[in-house]
1. Of the numbered conditions (1) surrounded by 12 or more Cβ atoms within 10 Å (Cβ to Cβ); (2) at pLDDT below 95; (3) of a type in the set (Asp, Glu); (4) more than 30 Å from Thr120 (Cβ to Cβ), Asp103 satisfies every one except a single condition; which is it?
2. Check whether at least one residue in segment 56-74 is more than 23 Å from Asp126 (Cα to Cα), among the basic types (Lys, Arg), touching a strand residue (DSSP E or B) at 6+ places or on another chain (Cβ under 8 Å) and in contact (Cβ under 8 Å) with a residue 40 or more places away in the chain, and report yes or no.
3. Go through segment 53-81 and count every residue that is within 16 Å of the chain's Cα centre (by Cα) and surrounded by 15 or more Cβ atoms within 10 Å (Cβ to Cβ).
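The values are calculated or read from the model by the stated rules, or taken from the named source; none is laboratory data. Not measured: the values here are computed from a predicted model. Don't worry about glycine lacking a Cβ; one is built from the backbone with ideal geometry, like all the others, and counts go over all protein chains shown.
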Amino acid sequence: MRMQINGDLIVSGTNRRLADLQDVDKKIEIVESGKNTNGEYIKLSDGRMYCFQSVEGRVDITTTWGSLFQSTVISTPNFPSQFIEVPYVVYTNHFAESVIAPDGLPTTAKPENVVLLRGTEGVDKDYKIDIFSMGRWK
C-alpha cells in the first residue's frame, strides 16, 4: 500500500516539511577519507568523523582480578585523524574466550588502552580487537 500526500506534511515538533527532512541526508557529503598506519577515517561535511582501527597480537592473561584473570595492558594506536572532542568509542572482540575492559579514558587523539578479562588463566593468547570511533572533526 502506498500513501499519497497532497500538500505539505509537517513533522510534529520540528516545523519542517517532510520533503525538507528527506533532503537533509542528501546534503551531507564525504569531504575527506583516508588510510594510514593507524587505520581508516571518513570526514563528513556536517563535521562528523568515523574512524576504523584494528589491533591484534598475543597476550598473557595471568593477573588475578577478583574471580577473573586480566591481561597485560594492550596499547591502542592513535586515531588515524584527530577529533576536536572526545569521541564515542566501541570495541569488538573477535575471540569469545575473553571480554574487553577499558584501561583509562579516550582522548581526542587516541582511544583508551584496554585489557582482556577471562575466567581462566591464559598464556600467549591471540587477540584481535576492532575499534570504531565517531565524533567531530570540525
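1. It is condition (4) that Asp103 fails.
2. Within segment 56-74, not a single residue is more than 23 Å from Asp126 (Cα to Cα), among the basic types (Lys, Arg), touching a strand residue (DSSP E or B) at 6+ places or on another chain (Cβ under 8 Å) and in contact (Cβ under 8 Å) with a residue 40 or more places away in the chain.
3. 8
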